[in-house]
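My structure is below; once you've seen it, I'll send some questions.
The values are calculated or read from the model by the stated rules, or taken from the named source; none is laboratory data. Because the structure is a prediction, the values reported are computed rather than measured. Because the Cβ atoms are built from the backbone with ideal geometry, glycine has one as well, and the counts that use them run over all protein chains shown.
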DNA sequence: TTCACGCTGTGAATTCTTTAACAACTCCTA
DNA sequence: TAGGAGTTGTTAAAGAATTCACAGCGTGAA
């Protein structure tokens, strides 16, 4: 069995695969067992050529005149995106945003489970929050190691960010979804994705102005 | 007065400018009145060449041997990113996430103010939430028009997303920050930025696995 | 069984983004 | 006042990502 394709798939393509999978899950319930690249493309706001190339990259083939088998494609994407034994996530920082993220993420994907939350404030620790146990941040290293947590969602105050990140990295975390609007330093083997809302808003504000008149 | 440079600046560059401005604001309080491109680059996790090119694109010049004047650069970026009379934002969907976003965004930038929230649920409307007045979604079109709101943050349930978007667009919204994990359809002149957390998590999960061993 | 249609798979072309490289210049030192 | 160190501004090259375009094929219709 060949498993994952040898060469790394680009970040952009992985993002689209995630999107395709979600769209395909909906299609699977509804219509014929096949989709054309142009159908999937229009659902994903992309081009047919892009869809075909993405699927080519993961070694998936369709049939001319029938398109791609939906269930087979979902299975193939699962094989790429999911780890067989699943991956566990910790959320750090149980403030307003942290709690909302807990509720948002919990239970979305069986192979990607939030298993613990951490906070410095003793008033928040030692109980369930949105069904997830919340621990003291002092217990974090042991917890991450023993439960083999590889992903972290960071939603702590700015000042605390870098030191929390250092702890996470030292505990063996492999990737961080960062909601703190500060660039965090990590060693090269740790991946970071910044979701910076103010940056997105400022970008939208700019293009909103460019587009139409000058309000 | 020439105002904005004629040619559009790329999305990537705008994002970095937003980041630079934030970093510069910190620098301004601390040290000398100048920065070198390599200093700013290292704070932004970028390369000096990238910084120089970005600043070139917005027509900003530094001095050899002293670098860029921090305050002047902030002013120049303000000129690009900010609208002189400010832009107003509406938040739609006051659930867990919506409330957290209100708290997060409120008061961050004076030229980018959240001025109203909307929800379908009458229990939530008619009062302040995190200091922002919350209205019925039925009043949204009038409100958006009369208060000249051009940006929207979308945090409604999936099923409601497209119909809310249609209303927003019809009311004159120019750009939407979309937290709903569904591709929304808008006319070409409306800009959308999708902040899709599950997609980001799945991407990180993939690269976390690629990097090290195969857990 | 044959034909025509419309799709896939993919090399080539294009476009967009980043990095390299270096001449020109400014400041500091002596 | 002249020289050296180190930075900017910018052109050219490299590298990624996307789109084009078309050969080849499978299906359904005749």
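Which members of the range A:117-142 meet the condition of being surrounded by 15 or more Cβ atoms within 10 Å (Cβ to Cβ) and in a loop (DSSP other than H, G, I, E, B)?
A:120, A:124, A:125, A:130, listed by residue number.
For the structure I just gave you, tell me whether residue B:75 is over 25 Å from residue A:157 (Cα atoms), without any contact (Cβ under 8 Å) to a residue 24 or more places away in the chain and within 14 Å of chain A (Cβ to nearest Cβ). Before you say what the answer is, go through the steps one by one.
Numbers: over 25 Å from residue A:157 (Cα atoms): yes; without any contact (Cβ under 8 Å) to a residue 24 or more places away in the chain: yes; within 14 Å of chain A (Cβ to nearest Cβ): no.
When the stated conditions are applied, residue B:75 does not pass them.
Then there is this: Would you confirm whether any residue within the range A:36-49 is touching a strand residue (DSSP E or B) at 6+ places or on another chain (Cβ under 7 Å) and more than 11 Å from DNA strand D (Cβ to nearest atom)?
Checked the range A:36-49: at least one residue is touching a strand residue (DSSP E or B) at 6+ places or on another chain (Cβ under 7 Å) and more than 11 Å from DNA strand D (Cβ to nearest atom).
For the range A:84-108, which residues satisfy the criterion of being within 9 Å of chain B (Cβ to nearest Cβ), free of Cβ contacts under 8 Å to residues at least 24 places away in the same chain and either under 13 Å from residue B:198 (Cβ atoms) or touching a helix residue (DSSP H, G or I) at 6+ places or on another chain (Cβ under 8 Å) (or both)?
Residues satisfying the conditions are A:96, A:100, A:104, A:108.
Over 15 Å from residue A:20 (Cα atoms), in contact with a strand residue (DSSP E or B) (Cβ under 8 Å, 6 or more places away or on another chain), in the same structural domain as residue A:29 (by TED's automatic domain parsing) and exposed (fewer than 15 other Cβ atoms within 10 Å of the Cβ), is that true of residue A:147?
Numbers: over 15 Å from residue A:20 (Cα atoms): yes; in contact with a strand residue (DSSP E or B) (Cβ under 8 Å, 6 or more places away or on another chain): yes; in the same structural domain as residue A:29 (by TED's automatic domain parsing): no; exposed (fewer than 15 other Cβ atoms within 10 Å of the Cβ): yes.
Criteria not met by residue A:147.
If you go through the range A:187-196 one residue at a time, do you hit one that is more than 10 Å from chain B (Cβ to nearest Cβ) and either under 21 Å from the mean Cα position of the chain (by Cα) or at pLDDT 95 or above (or both)? So that I can check it myself, show each step before the final result.
First, the residues of the range A:187-196 that are more than 10 Å from chain B (Cβ to nearest Cβ): A:187.
When the remaining residues are screened for being either under 21 Å from the mean Cα position of the chain (by Cα) or at pLDDT 95 or above (or both), the result is A:187.
Looking through the range A:187-196, at least one residue is more than 10 Å from chain B (Cβ to nearest Cβ) and either under 21 Å from the mean Cα position of the chain (by Cα) or at pLDDT 95 or above (or both).
What's the number of the only condition in (1) modelled with pLDDT under 95; (2) away from DNA strand C (no atom under 13 Å from the Cβ); (3) more than 8 Å from chain B (Cβ to nearest Cβ) that residue A:113 fails to meet?
(1)
Could I ask something else about it? Can you find even one residue in the range A:162-178 that is under 30 Å from residue B:58 (Cα atoms) and touching a strand residue (DSSP E or B) at 6+ places or on another chain (Cβ under 8 Å)?
Looking only at the range A:162-178, we keep the residues that are under 30 Å from residue B:58 (Cα atoms), and these are A:178.
Okay, now just the ones that are also touching a strand residue (DSSP E or B) at 6+ places or on another chain (Cβ under 8 Å), so A:178.
Yes, the range A:162-178 has at least one match.
Looking only at the range B:75-94, count every residue that is surrounded by fewer than 18 Cβ atoms within 10 Å (Cβ to Cβ) and either within 16 Å of DNA strand D (Cβ to nearest atom) or part of a loop (DSSP other than H, G, I, E, B) (or both) and tell me the total.
Of the residues in that region, 5 qualify.
Could you pull out the residue among A:108, A:158 that is modelled with pLDDT under 95, surrounded by fewer than 23 Cβ atoms within 10 Å (Cβ to Cβ) and over 18 Å from residue B:209 (Cα atoms)? I'd like the intermediate steps shown before the answer.
On the way: A:158 fails: modelled with pLDDT under 95.
None of the other options fit; the residue is A:108.
Name, by its number, the condition in (1) touching a helix residue (DSSP H, G or I) at 6+ places or on another chain (Cβ under 9 Å); (2) within 18 Å of residue A:8 (Cα to Cα); (3) more than 14 Å from every other protein chain (Cβ to nearest Cβ); (4) within 10 Å of DNA strand D (Cβ to nearest atom) that does not hold for residue A:62.
With respect to (1) touching a helix residue (DSSP H, G or I) at 6+ places or on another chain (Cβ under 9 Å); (2) within 18 Å of residue A:8 (Cα to Cα); (3) more than 14 Å from every other protein chain (Cβ to nearest Cβ); (4) within 10 Å of DNA strand D (Cβ to nearest atom), residue A:62 is out only on (2).
In the range B:25-59, which residue that is in a loop (DSSP other than H, G, I, E, B), under 23 Å from the mean Cα position of the chain (by Cα) and more than 13 Å from DNA strand C (Cβ to nearest atom) is nearest to the other protein chains (Cβ to nearest Cβ)?
For the range B:25-59, the residue satisfying everything is B:58.
For the condition in contact with a strand residue (DSSP E or B) (Cβ under 7 Å, 6 or more places away or on another chain) and under 16 Å from residue A:200 (Cα atoms), what is the one hit in B:88, B:99, B:109?
Working: B:99 fails: under 16 Å from residue A:200 (Cα atoms); B:109 fails: in contact with a strand residue (DSSP E or B) (Cβ under 7 Å, 6 or more places away or on another chain).
Being in contact with a strand residue (DSSP E or B) (Cβ under 7 Å, 6 or more places away or on another chain) and under 16 Å from residue A:200 (Cα atoms) holds for just one of B:88, B:99, B:109, which is B:88.
Sticking with this one: In the range B:17-43, what count of residues is obtained for those that are buried (at least 18 other Cβ atoms within 10 Å of the Cβ) and touching a residue at least 24 places away in the same chain (Cβ under 8 Å)?
Residues meeting the conditions: 11.
Turning to a different aspect of this structure: Based on this model, can you work out whether residue A:70 counts as within 14 Å of chain B (Cβ to nearest Cβ), in contact (Cβ under 8 Å) with a residue 12 or more places away in the chain, over 30 Å from residue B:105 (Cα atoms) and in contact with a helix residue (DSSP H, G or I) (Cβ under 6 Å, 6 or more places away or on another chain)? Write out each step before concluding.
Working: within 14 Å of chain B (Cβ to nearest Cβ): no; in contact (Cβ under 8 Å) with a residue 12 or more places away in the chain: yes; over 30 Å from residue B:105 (Cα atoms): yes; in contact with a helix residue (DSSP H, G or I) (Cβ under 6 Å, 6 or more places away or on another chain): yes.
Spelling it out, it is not the case that residue A:70 is within 14 Å of chain B (Cβ to nearest Cβ), in contact (Cβ under 8 Å) with a residue 12 or more places away in the chain, over 30 Å from residue B:105 (Cα atoms) and in contact with a helix residue (DSSP H, G or I) (Cβ under 6 Å, 6 or more places away or on another chain).
Also, I was wondering about something else. Just the residues that are more than 6 Å from DNA strand C (Cβ to nearest atom) and part of a loop (DSSP other than H, G, I, E, B), please, taken from the range A:60-70.
A:60, A:66, listed by residue number.
What about residue B:165, is it buried (at least 20 other Cβ atoms within 10 Å of the Cβ), part of a helix (DSSP H, G or I) and out of contact with any helix residue (DSSP H, G or I) (no Cβ under 8 Å at 6 or more places or on another chain)? Can you show your working first?
Working: buried (at least 20 other Cβ atoms within 10 Å of the Cβ): yes; part of a helix (DSSP H, G or I): yes; out of contact with any helix residue (DSSP H, G or I) (no Cβ under 8 Å at 6 or more places or on another chain): yes.
Answer is yes for this residue.
Name the one entry in A:168, A:154, A:177 that is away from chain B (no Cβ under 11 Å) and closer than 19 Å to residue B:197 by Cα. Give the derivation first.
On the way: A:168 fails: closer than 19 Å to residue B:197 by Cα; A:177 fails: away from chain B (no Cβ under 11 Å).
Answer to the selection: A:154.
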